[in-house]
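Notes follow the structure.
What follows draws every value from the coordinates through simple rules; no lab data is involved. What you see is a predicted model, and the numbers here were worked out from it, not measured in a lab. Glycine gets a Cβ as well: all are built from the backbone with ideal geometry, and neighbour counts include every protein chain shown.
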Amino acid sequence: NAGVTQTPKFQVLKTGQSMTLQCAQDMNHNSMYWYRQDPGMGLRLIYYSASEGTTDKGEVPNGYNVSRLNKREFSLRLESAAPSQTSVYFCASSELLAGVEQFFGPGTRLTVL
Amino acid sequence: KQEVTQIPAALSVPEGENLVLNCSFTDSAIYNLQWFRQDPGKGLTSLLLIQSSQREQTSGRLNASLDKSSGRSTLYIAASQPGDSATYLCAVIWAGNMLTFGGGTRLMVKP
């Protein structure tokens with residue numbers, strides 16, 4: 001039981017390049033989330049998926065797109081990376097959407113030059 | 001808008017001390033509150049989840065309390081150890097499982 005896994009662990013991009021961050025969970029959870037963590041800003045919600053087939057914007061969605069590929073996988077795409085997107089990205093999952101414990105992956109450290 | 005504040009931002013204590021970390025939130029309409037631990041360069045590990053109807057939760061040397069009416073939670077760590085050194089984050093779950101985090105308390109326990 002690996003919990004929540006993320007790939008890659010590290011990535012360096014040039015401004016304007018695109019990439020997709022992958023997340024998978026093996027806990028049969030319905031809801032999945034993408035957060036970014038920045039010094040002095042804490043963790044902020046980018047997008048979330050309440051269940052397979054649905055996605056919604058969080059606090060900071062601009063510049064990102066997501067895909068809930070199936071119940072296990074939730075990807076985050078940067079279409080045209082900007083230096084402001086340099087951050088650590090965390091994926092999380094929970095059994096239900098409302099008021100339950102969230103479990104986090106190890107994170108992806110992204111640097112945009 | 002929900003705002004979560006953690007005080008202090010950093011704390012250094014000698015091994016063996018009991019300590020309290022504080023978390024406050026502005027909107028008391030929460031589903032629950034979750035405490036996490038984050039080691040440098042690592043992800044978040046869930047420590048305790050307190051439901052809005054509960055007043056406290058305990059796990060080993062950790063005890064978390066919740067006072068919704070005053071918008072406060074505390075994490076009590078008994079008999080601190082160097083292995084407890086990490087950043088501790090609190091997060092409130094509200095409005096459709098929106099999780100709002102505090103800025104964290106960076107704890108150093110010295111041998």
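Key figures
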| quantity | calculated |
| --- | --- |
| Proxy reagent accessibility, fewest Cβ within 10 Å first, across A:32, A:41 | A:41, A:32 |
| Charge sum, other residues only, whose C-beta stays under 14 Å from residue A:106's C-beta, Lys/Arg counted +1 and Asp/Glu -1 | +3 |
| Dimensions (Å) - chain A, Cα atoms, principal axes, largest first | 37, 25, 25 |
| Reciprocal of mean inverse Cα separation for chain B (Kirkwood radius, Å) | 13.9 |
| Reachable aspartates and glutamates from residue A:71, criterion Cα separation under 19 angstrom, eight or more residues apart if same chain | A:26, A:52, A:56, A:95, A:101 |
| Tail fraction, Cα-Cα pairs, the protein assembly as shown, threshold 33 Å, whole percent | 16 |
| Karplus-derived 3J(HN,Hα), 6.51/-1.76/1.60, for each residue of region B:17-29, Hz, glycine and proline x | 6, 8, 9, 10, 10, 10, 9, 10, 9, 8, 10, 7, 7 |
